[in-house]
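Novice: What follows is a structure written as structure tokens; I'll ask about it next.
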Amino acid sequence: MATFTVKQIAEIIGAKIIGDENAEIDALAQLTEAKGNELSFLSDKRYAKSLQSSQAAAVILREQFAESCPAISLVVDDPYQAFAKVSRLFATEPAPVAGIHPTAIIAKTAVIGANVSIAPYAVIGENVVIGNSVVIGSGASIGANCTIGDNSKLYANVTLYHQVEVGKRCVIHSGAVIGADGFGFAPVGETWEKIEQIGGVVIEDDVDIGANSTVDRGAIKDTILRQGVKIDNLCQVGHNCDIGENSVMAGCAGVAGSTKVGKHVLIGGASAVSGHIEVADGAQLMGGSMVIGDVKDSGAYSSAVPAMPVKEWRKTMVLLRRLDEMSAKLKALEKKVDSSDSA
């Protein structure tokens with residue numbers, strides 16, 4: 001069990017200490033459940049009411065809440081960001097086993113860097129280049145002509161098709177498929193002619209891709225995930241997409257082919273973004289948004305109908321279907337009022 005003093009943690013996150021700097025912390029916990037030598041955090045004022053009853057040994061928080069904190073206070077400007085840094089101290093994931101497992105299948109033309117970890121039954125294809133300190137999980141499949149940058153990690157059963165570039169310090173979680181064919185078919189009468197997808201996928205540095213997410217290869221040019229992109233589980237990125245730096249996609253979101261997403265865009269869970277459009281830098285698409293045209297400005301956008309009681313929803317849908325009728329009646333009434341005023 002890892003143990004750190006409050007002073008050690010404060011130095012890592014740049015916090016001001018109010019209380020005993022020598023107190024020991026051996027675990028992390030939620031504010032309402034923390035006890036003993038556990039550390040918690042308060043970043044959302046909605047949970048401030050739980051602070052005074054918390055039994056945490058120490059709490060990471062903003063200055064405004066320090067006076068009402070019964071525990072040791074670690075005062076920072078951004079508690080959530082600070083907690084993220086501290087969480088790495090208490091990570092429970094086992095360290096990868098160094099070296100190449102004898103059951104791994106590696107093509108003779110592959111180039112393997114130093115200090116790699118390649119787990120059982122991984123398959124490394126022809127002309128693959130793997131950088132230094134890369135971790136390849138069990139059962140992962142790396143297709144021909146792929147490159148993986150230094151310090152990247154691919155979990156078990158990740159699949160990279162051919163011609164995929166992965167940058168440095170990337171993380172790709174289990175079940176993700178990178179470089180599968182995009183959905184390209186030309187209509188021929190009542191049938192469909194497949195369009196060969198001859199582009200690749202370029203994943204720049206510091207990109208995270210969640211479990212069972214997919215990034216399709218380009219039809220002609222490459223699909224690109226630019227530096228710092230974070231993709232949640234069960235997401236879909238279509239062929240030829242260009243996802244801008246430090247943009248984020250939450251679970252079950254999908255972006256259709258040939259869409260350009262700007263920098264620092266937030267795409268909420270279960271959102272659907274149509275193909276061949278552009279989303280401006282800094283746009284925030286709320287969960288469940290249906291985006292069918294260009295988003296030209298930064299700011300928040302929403303389109304889904306929030307959940308409501310069934311009876312209320314049915315009434316709303318009835319009114320929605322009558323909008324044309326109601327609009328026509330309103331226009332007729334406006335004309336009548338205008339004619340009366342002019343008489």
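FYI, it's all coordinate maths here, none of it is from the lab. Values in this document were obtained by computation on a predicted structure and should not be read as measured data. In this analysis, Cβ positions are derived from the backbone assuming ideal geometry, glycine residues included, and neighbour counts consider all displayed protein chains.
Novice: Which aspartates and glutamates, if any, have their Cα less than 19 Å from the Cα of K331, not counting same-chain residues under 8 positions apart?
Specialist: Output for K331: D341.
Novice: Using the Cβ atoms and a cut-off under 14 Å, what net charge is assigned to the surroundings of I112, where Lys and Arg are +1 and Asp and Glu are -1?
Specialist: Cβ neighbours under 14 Å give a net charge of -1.
Novice: A further question follows. Placing +1 at every Lys and Arg Cβ and -1 at every Asp and Glu Cβ, with all other atoms neutral, what dipole size does the chain have around its Cα centre, in debye to the nearest 20?
Specialist: For this selection, approximately 820 debye.
Novice: Looking at region 175-234, which trypsin sites (Lys or Arg not before Pro) are DSSP coil and have at most 16 other C-beta atoms within 10 Å of their C-beta?
Specialist: Here the trypsin sites (Lys or Arg not before Pro) that fit, given the DSSP loop and packing criteria, are K221.
Novice: Follow-up question, since we're still on this one. Using the Cα atoms of the chain to build a convex hull, what is its mean projected area in square nanometres?
Specialist: Computed as one quarter of the Cα hull surface, the answer is 27.7 nm².
Novice: Something else: Over the chain, calculate the relative contact order: mean separation of alpha carbon pairs under 8 Å at least 6 apart, over the residue count, as a percent.
Specialist: The value is 6 percent.
Novice: Counting only DSSP beta bridges with both residues in the chain, tell me the antiparallel percent, nearest 5.
Specialist: 10
Novice: With point charges of +1 on the Cβ of Lys and Arg and -1 on the Cβ of Asp and Glu, referenced to the Cα centre of the chain, which listed residue (I72, V158, S274) lies farthest in the positive direction of the dipole?
Specialist: Farthest towards the positive pole: S274.
Novice: Multiply the residue separation of A95 and E278 by 0.36 nm, subtract the distance between their alpha-carbon atoms, and state the gained length in nm to one decimal.
Specialist: Between A95 and E278, full extension yields an extra 61.8 nm.
Novice: Contact order normalised by length for region 170-229, with contacts defined as Cα pairs under 8 Å and 6 or more residues apart; what percent is it?
Specialist: Averaging sequence separation for qualifying contacts and normalising by length gives 43 percent for region 170-229.
Novice: Give the lysines reachable from K194 as a straight Cα distance under 20 Å; neighbours fewer than 8 places away on the same chain don't count.
Specialist: Partners within reach: K221.
Novice: Step by step: find N for region 118-202, compute 2.2 N^0.38 Å, then divide the Cα radius of gyration by it. What's the final number?
Specialist: Here the Cα radius of gyration is 1.25 times the empirical estimate.
Novice: Compute, for region 158-301, the length of the dipole vector about the Cα centre, with Cβ point charges of +1 (Lys, Arg) and -1 (Asp, Glu) only. Units Debye, rounded to 20.
Specialist: In total the dipole reaches around 180 debye.
Novice: With n ≥ 4 as the cut-off for DSSP H runs, can you work out [θ] at 222 nm for the chain, using -39500 (n - 2.57) per run divided by the number of residues, rounded to the nearest 500?
Specialist: Result for the chain: -4500 deg cm²/dmol, rounded to the nearest 500.
Novice: Once the other residues with Cβ under 13 Å from the Cβ of I17 are scored (Lys, Arg +1; Asp, Glu -1), what is the net sum?
Specialist: -2
Novice: I've got another one for you. If each Cα of region 158-301 is one equal point scatterer, what is log10 of I(q)/I(0) from the Debye formula at q = 0.10, 0.12, 0.20 Å⁻¹?
Specialist: -0.30, -0.43, -1.15
Novice: Which percent, to the nearest 5, of DSSP beta bridges fully inside region 17-95 are antiparallel?
Specialist: Antiparallel: roughly 20 percent of the beta bridges in region 17-95.
Novice: Could you work out the Kirkwood radius for region 57-204, taking every pair of different alpha carbons, averaging 1/r and inverting it, reported in Å?
Specialist: Final number for the Kirkwood radius of region 57-204 is 18.2 Å.
Novice: A follow-up question, please. How big is the C-alpha Rg of region 4-90 next to the rule-of-thumb value 2.2 N^0.38 Å, as a ratio?
Specialist: 0.92
Novice: Also, I was wondering about something else. Could you grab the relative contact order for region 4-136? Cα pairs under 8 Å, six or more apart, rounded to a whole percent.
Specialist: 17
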